[in-house]
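S.K.: Sharing a structure here in structure tokens format.
The values are calculated or read from the model by the stated rules, or taken from the named source; none is laboratory data. Worth saying up front: this structure is predicted, and the values here are computed from it rather than measured. Every residue, glycine among them, receives a Cβ derived from its backbone with ideal geometry; neighbour counts consider all protein chains shown.
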Amino acid sequence: MPGPLPPSPTVADDTAVSPVAVSGPAHLLRVTLLMAGSCLPILGAVLIAPVLPKMQDHFASVPGAKALVPLALTVPALALALLAPFAGVIVDRLGRRRLLIVATVLYAVFGTAPLWLESLGAIIASRALVGVAEAAIMTCCTTLIGDYYSGQRRVKYLALQTMCASASATVFFVLGGAAGSAGWRVPFWVYAVSLVLAPLMASALPSTGGEAVSVVQDDRRPFPWRQLGGICALTFFGAMVFYTVPVEMSYLLDDLGVENSGVIGLATAVASAATVGGAVAFARLKRAPEPLLPGALAVCAVGFGVMSVAGNTPVLVVGAVINCVGTGMLLPALLTSAMSRLGFEDRGRGTGLWMAAFFGGEFVCPLVLLGGEAVVGSLTGAVGVLGVAAGGVAVGLMGRRPAAGRCGWSRSSPRP
């Protein structure tokens, strides 16, 4: 279970005037591109989920296909978790914008590769390379939000990033299912959309002061491991909380006797909408993020509790909605809290470590619940245990006293 978070230092960048325009068409295009880029890893995670059965049938004669085909869906997340810290190092040394443009082009190359690859092994390898590109894209987009904006605007756009990612998951799932009706390879064409984004990013995203950060200077400065370690540990746990409903909802409904895919899809969409609602609520509260963490985790715990005792579909959906309102607040609170601990020169590496913690927790989530199910005897029981753990972490965080100036700004701090 994550330990207590160390006090976060005041970061001058958080109270400074934004280094870019915060209104007008150029600002709108910049935000749109950063949000679109942030959705690309979500595209990679859910787009082909509806066609996995068709892929399974196509590669039925391949030894081990039953285990290998699902890897086509999950291996990008694993690659992202493993490589995000290295992407962060490259971001700080080579520059955010340049790496983002290159990675966005490579995303299209690797993402569309299954259109002509015949070997299942080669397809899985191309999917791993998609994860490499996703690690760079997600790290760069999040780092640039931290570079371009400060104070409450940064909180607002990081919350918007969560909202866009949550909403896009539902859209991409529907899109993948519709495209997949024409064949299991067809959804892979959608990855080519990044070829439209890359030239727009090159022309619309301004360079930051870190495009040529001195390597010597970077090596002299100690990285804020202590400040970031606690929030990354909490993020790893929070990712398991965040990912439980999207991963396990269909299985929980199946345990209740619901087999209609339309009902399952509708229930998942309702929960996804609740995540967006939680992110909207977080942005509207206009408060420093860390004091909100205990409350967000407590809401998640209550949702898990309701889900664990649900004896019918409506109660299960109500519990999932409660949980997802909490996770919608939890994710931007964790991310903005991490960003507040990072100066400009460390922001790429720090963001990469945060991404690794989040996607690592996402990857182990089903494994942890599977292990919990084996111990307590049911999936609902495992969800209940995770709810107890979330409640325990919430109580532990409530016992901490926020430091003055925490998260870079307070109600009295000047805001851009």
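S.K.: When you scan segment 139-150, do you find a residue that is farther than 16 Å from Ala36 by Cβ and of a type in the set (D, E, K, R), even just one?
M.R.: yes
S.K.: Moving on. Inside segment 150-197, can you point out the residues that are touching a Phe, Trp or Tyr at 6+ places or on another chain (Cβ under 6 Å) and more than 20 Å from Ala239 (Cβ to Cβ)? Show your work before the answer.
M.R.: From segment 150-197, those touching a Phe, Trp or Tyr at 6+ places or on another chain (Cβ under 6 Å) are 151, 157, 159, 194; that's our starting set.
Across segment 150-197, the qualifying residues are Gly151, Tyr157, Ser194.
S.K.: For the condition surrounded by 24 or more Cβ atoms within 10 Å (Cβ to Cβ) and modelled with pLDDT of 85 or more, what is the one hit in Ala296, Ala279? Give the derivation first.
M.R.: Values: Ala279 fails: modelled with pLDDT of 85 or more.
The unique qualifying residue is Ala296.
Each row is one residue, and each column tells you yes or no for (1) farther than 29 Å from Ser203 by Cα; (2) of a type in the set (Ser, Thr, Tyr); (3) at pLDDT below 90; (4) in contact with a helix residue (DSSP H, G or I) (Cβ under 9 Å, 6 or more places away or on another chain).
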{"position": "Gly24", "(1), (2), (3), (4)": "no, no, yes, no"}
{"position": "Ala36", "(1), (2), (3), (4)": "no, no, no, yes"}
{"position": "Cys39", "(1), (2), (3), (4)": "no, no, yes, yes"}
{"position": "Ile42", "(1), (2), (3), (4)": "no, no, yes, yes"}
{"position": "Val51", "(1), (2), (3), (4)": "yes, no, yes, yes"}
{"position": "Val62", "(1), (2), (3), (4)": "yes, no, yes, yes"}
{"position": "Ala65", "(1), (2), (3), (4)": "yes, no, yes, yes"}
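S.K.: Is it the case that segment 116-134 has a residue that's basic (Lys, Arg) and within 28 Å of Arg30 (Cβ to Cβ)? If you could, list the steps in order and put the result at the bottom.
M.R.: Start the filter on segment 116-134 by keeping residues that are basic (Lys, Arg), which leaves 127.
With within 28 Å of Arg30 (Cβ to Cβ) added as a condition, the list becomes none.
Checked against the condition, which is being basic (Lys, Arg) and within 28 Å of Arg30 (Cβ to Cβ), segment 116-134 yields no hits at all.
S.K.: Quick check on segment 257-268: of everything there that is surrounded by 15 or more Cβ atoms within 10 Å (Cβ to Cβ) and not polar (S, T, N, Q), which residue is modelled with the lowest pLDDT?
M.R.: So the first thing to find is which residues in segment 257-268 are surrounded by 15 or more Cβ atoms within 10 Å (Cβ to Cβ), and the list is 258, 264-265, 267-268.
Then keep just the ones that are not polar (S, T, N, Q); that gives 258, 264-265, 267.
On the way: Val258: 78, Ile264: 69, Gly265: 66, Ala267: 79.
Within segment 257-268, the match that is modelled with the lowest pLDDT is Gly265.
S.K.: Looking at the structure I just gave you, is Phe358 at pLDDT 85 or above, in a helix (DSSP H, G or I) and among the aromatic types (Phe, Trp, Tyr)? Give the steps one after another, and end with the answer.
M.R.: Details: at pLDDT 85 or above: yes; in a helix (DSSP H, G or I): yes; among the aromatic types (Phe, Trp, Tyr): yes.
Considered against the rule, which asks whether it is at pLDDT 85 or above, in a helix (DSSP H, G or I) and among the aromatic types (Phe, Trp, Tyr), Phe358 comes out as yes.
S.K.: Output the residues belonging to segment 198-229 that are modelled with pLDDT of 70 or more, over 22 Å from Ile145 (Cα atoms) and outside any loop (DSSP other than H, G, I, E, B).
M.R.: As a first pass, look at segment 198-229 and keep what is modelled with pLDDT of 70 or more: 198-207, 222, 225-229.
Those left that are additionally over 22 Å from Ile145 (Cα atoms): 222, 226.
Residue satisfying the conditions is Arg226 alone.
S.K.: Right, another one. Can you list residue pairs whose Cβ atoms sit under 8 Å apart, with the first residue in segment 353-365 being touching a residue at least 40 places away in the same chain (Cβ under 8 Å) and under 11 Å from Val247 (Cβ atoms) and the second being crowded, with 24+ Cβ neighbours inside 10 Å and among the small types (Gly, Ala, Ser)? Count only pairs 6 or more apart in sequence or on different chains.
M.R.: Glu362/Ala239; Cys365/Ala239
S.K.: Taking segment 311-320 only, how many residues are surrounded by fewer than 21 Cβ atoms within 10 Å (Cβ to Cβ) and in contact with a helix residue (DSSP H, G or I) (Cβ under 7 Å, 6 or more places away or on another chain)?
M.R.: At the first step, the residues of segment 311-320 found to be surrounded by fewer than 21 Cβ atoms within 10 Å (Cβ to Cβ) are 311-315, 318.
So of that shortlist, the ones also in contact with a helix residue (DSSP H, G or I) (Cβ under 7 Å, 6 or more places away or on another chain) come out as 313, 315, 318.
Number of matching residues: 3.
S.K.: Now, a different point. Filter segment 84-100 down to the residues that are crowded, with 23+ Cβ neighbours inside 10 Å and not small (Gly, Ala, Ser) and list them by number. It would help to see each step written out before you state the result.
M.R.: First, the residues of segment 84-100 that are crowded, with 23+ Cβ neighbours inside 10 Å: 84, 87-88, 91-92, 96, 100.
Once the filter is applied, which keeps residues that are crowded, with 23+ Cβ neighbours inside 10 Å and not small (Gly, Ala, Ser), segment 84-100 yields Val91, Asp92, Arg96, Leu100.
S.K.: Any idea how many residues of segment 297-321 are touching a residue at least 40 places away in the same chain (Cβ under 8 Å) and assigned to a helix (DSSP H, G or I)?
M.R.: Result for segment 297-321: 16.
S.K.: In addition: Please tell me if Val302 is of a type in the set (Val, Ile, Thr), farther than 22 Å from Tyr157 by Cα and more than 16 Å from the chain's Cα centre (by Cα).
M.R.: Numbers: of a type in the set (Val, Ile, Thr): yes; farther than 22 Å from Tyr157 by Cα: yes; more than 16 Å from the chain's Cα centre (by Cα): yes.
Yes, satisfied.
S.K.: Another question, if that's okay. How many of the residues in segment 102-148 are among the β-branched types (Val, Ile, Thr) and within 30 Å of Ala333 (Cβ to Cβ)?
M.R.: Residues in segment 102-148 being among the β-branched types (Val, Ile, Thr) and within 30 Å of Ala333 (Cβ to Cβ): 8 in total.
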